[in-house]
Amino acid sequence: MSARLLAILAAALILVAVPPPAVAADAVPTAQDPVAASRAVKLSEKLRCLVCQNQSIAESNAELALDLRRQIHEQIAAGRTDDQIVDYMVARYGDFVLYQPPVKSTTVLLWAGPALLVLVGFVVLGRTLRARRRLAAEPPLSAAEQERAARLLAGDAGKENS
């Protein structure tokens, strides 16, 4: 009976010590899950680091970028789609978190700004060229004005005043 009791205790100890195998529904994406890792990288490249502002959260080492990457991994693990994750980030941080914000009334200047700057540049260039043409089209100095200018340049200003 003691051998039987030892066998039962050993079996119980083995069951307690060894965790049960993970069920597929409880699977958490890790670095070994290439699909989830690929999704996380693609999402991280779509989102701007709010601290650095010129880097995606995939490139940034700022603490907020690390937190946002962690949130992406958590949401992927929770089974959310890419669109749901992006919508969550936009709801939390605004359109600025997106590298390509949607065209709407609050972002129209972002989209139209470069074209407006080019247009203003062409207008300024056109006005400058027209002003130069007007100056070039003015009649040259008359003979008397040329003679006076020559005297002034020669330093013969005393004769000018007399």
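General observations
- Nearest-0.05 FRET efficiency for residue 135 and residue 55, computed from C-beta distance (R0 41 Å): 0.25
- Placing a label point 7 Å from the Cα of residue 100 along the Cα-to-Cβ direction, the residues of the range 33-75 whose backbone N falls under 15 Å from that point are 42-48.
- Extension gain, residue 115 back to residue 150 (0.36 nm per residue minus Cα-Cα distance, nm): 7.6 nm
We did not get these values from a lab; they are worked out from the coordinates using the rules stated. As the structure is a prediction and not an experimental result, all values here were calculated from the model. Cβ coordinates were reconstructed from backbone atoms using ideal geometry, including for glycine residues, and neighbour counts include every protein chain displayed.
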